[in-house]
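Derivation of every value follows stated rules applied to the coordinates shown; laboratory data play no part. As the structure is a prediction and not an experimental result, all values here were calculated from the model. Neighbour counts are summed over all protein chains in view; Cβ atoms, including those assigned to glycine, are modelled from backbone coordinates with ideal geometry.
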Amino acid sequence: MKTAIKIPPPYVTLAEIAAVAARVKGVVEQVRVAMLPPLARKSAPTFSSMQLAAICELDKGKLDYQIKKEVLPPGTVSDGRRRFTLAETRTWARSLRAGKLRPEGCEAVTISVGNFKGGVSKTTTAVTLAQGLSLRGHNVLVVDCDPQGSMTTLFGVLPDTEVESDQTILPLCLGETDTIEPSIRETYWPGIDLVAGAPLLFSAEFALPARQTADRKFEFWNVLHYGIDPVRPKYDVIILDTPPSLSYTTINAFLASDGIIMPLPPSALDFASSSQFWDLFTDLTEQLVTARGAHKRFDFVDVLLARVDSSDSAASHVREWITAGYGKMVLPVEVPKTTLTATASAEFGTVYDVVTAAANPRTYRRAFDAYERVVNLVEEQVQAAWLRQQIGAASDTQQPQPSVAAVGV
Ligand SMILES: Nc1ncnc2c1ncn2[C@@H]1O[C@H](COP(=O)(O)OP(=O)(O)O)[C@@H](O)[C@H]1O
Ligand SMILES: [Mg+2]
């Protein structure tokens with residue numbers, strides 16, 4: 001009997017991959033334009049009286065009293081309902097929450113969101129946190145350190161076609177500048193500025209070690225730390241989104257930060273990989289920082305249980321392992337896996353962008369309440385970091401000390 005001649009499928013050529021890449025890029029652009037008509041730009045949400053009252057922690061009587069006083073923006077009444085723009089809402093929050101905002105003389109608290117893994121909700125967490133904090137009156141800068149530029153996309157800017165090198169951290173990494181300031185742009189969301197990410201950031205991974213080879217004194221791990229310094233006095237919180245690896249940029253982001261948040265879904269593989277991440281990170285900081293006589297400490301390191309699937313029975317075991325391993329670092333909140341978060345991102349947004357009327361109220365509340373709790377917990381840690389800055393500044397004026405500021409590397 002003759003055996004049939006087997007013919008393997010053809011190779012995939014680079015030209016074919018290039019053609020597919022071009023096609024996908026075109027589809028993304030079309031989807032973006034369809035999602036964000038008419039000018040293909042996102043617009044900021046507006047807020048009801050109830051939402052405004054919740055943000056400013058006012059009851060109905062106090063809200064009415066404030067409106068009557070006519071000091072704060074009155075919003076717009078239509079069909080008997082009062083609505084406030086995001087900018088108006090922030091004016092209220094900045095006025096009525098003044099005691100919870102950055103004290104005079106303090107600098108921005110910088111937070112990196114990181115994890116080895118992709119898809120664990122780093123970007124969603126970073127953007128949601130920025131939005132929640134800005135709604136509470138804080139002025140936020142977000143820095144997209146991921147060449148994939150997902151954070152940039154969530155701000156309605158397409159990384160492939162709408163981001164130039166000088167709008168990213170690349171000029172810093174190349175040594176063309178020593179400040180991040182010229183790369184900052186405003187976004188559709190008043191109160192959040194953006195340093196964009198784009199595929200061109202991949203070259204930072206070659207530039208940083210190359211500069212180190214050319215100049216032994218160059219500290220490739222401190223580029224972002226020093227580059228952010230000029231803008232720390234101008235913002236309340238700076239949030240860095242990082243790529244899913246312990247890359248040169250990720251190390252830079254972590255060492256530029258006062259706090260780290262690691263979103264971690266309760267899955268065994270994600271848990272195991274998170275331990276490798278910290279192992280590698282501590283090895284590296286040991287070599288780069290401690291061995292050189294410098295030091296680094298963080299105001300906080302949080303593990304955030306994210307994308308928690310309530311129907312997954314294995315999740316509860318892993319949750320126990322996570323708590324046993326990370327102890328007090330685990331934030332006392334879980335972000336559930338919801339269709340709402342997934343749908344919002346399909347529309348290039350987050351729970352804060354979702355129009356409440358269009359969402360399933362129960363799913364919306366579940367997702368929204370969890371994120372609100374995350375924002376509150378992080379805000380408390382930011383306030384504690386400011387307190388440390390103030391104590392550090394006071395003791396510095398009493399007796400001159402070597403640099404022991406909370407951010408000191
Ligand atoms: N709580 C959640 N529930 C459901 N889907 C989520 C949730 N958080 C994130 N996602 C989705 O998971 C995917 C990966 O999230 P992303 O924030 O981009 O992760 P990362 O930055 O870690 O790669 C996105 O499609 C996002 O919409
Ligand atoms: Mg991401």
Cβ-Cβ cut-off under 9 Å around Tyr226, Lys and Arg +1, Asp and Glu -1: the net charge is -3
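Full extension from Lys100 to Asp396: what is 0.36 nm times the residue separation minus their Cα-Cα distance, to one decimal in nm? Each step should come with its number before you reach the end.
Values: separation 296, 0.36 × 296 = 106.56 nm, distance 2.41 nm.
Roughly 104.1 nm would be gained on extension.
Taking 0.36 nm per residue of sequence separation and subtracting the Cα-Cα distance, how much length would be gained by fully extending the chain between Val77 and Ser203, in nm to one decimal? All intermediate terms of the calculation are to be shown ahead of the outcome.
On the way: separation 126, 0.36 × 126 = 45.36 nm, distance 5.10 nm.
Here the segment from Val77 to Ser203 would lengthen by 40.3 nm.
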Residue separation between Glu176 and Thr290 times 0.36 nm, minus their alpha-carbon distance, gives in nm 38.3 nm
Both in Å, the radius of gyration and Dmax of the C-alpha trace of the chain are 23.0, 96
Surrounding charge for Gly327, neighbours by C-beta under 14 angstrom, Lys/Arg +1, Asp/Glu -1, total 0
Any helix of the chain counts here only if DSSP assigns it H throughout, its Cα atoms span 27 Å or more along the axis, and its mean Kyte-Doolittle hydropathy is at least -0.5, and such helices are 14-35, 268-288
So the FRET efficiency between Arg362 and Ser165, C-beta based with R0 = 51 Å and rounded to 0.05, is 0.70
If each part is reduced to its alpha-carbon centroid, the stretch 86-128 and the stretch 144-208 end up apart, in Å, by 19 Å
Env charge @ Asp309, Cβ radius under 13 Å, K,R +1 / D,E -1, value +1
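To the nearest 500 deg cm²/dmol, what mean residue ellipticity at 222 nm is calculated for the chain from DSSP H runs of n ≥ 4 alone, each contributing -39,500 (n - 2.57), summed and divided by the residues?
Values: 15 runs with 183 residues, N = 409.
After summing the helix terms and dividing by residue count, I get -14000 deg cm²/dmol.
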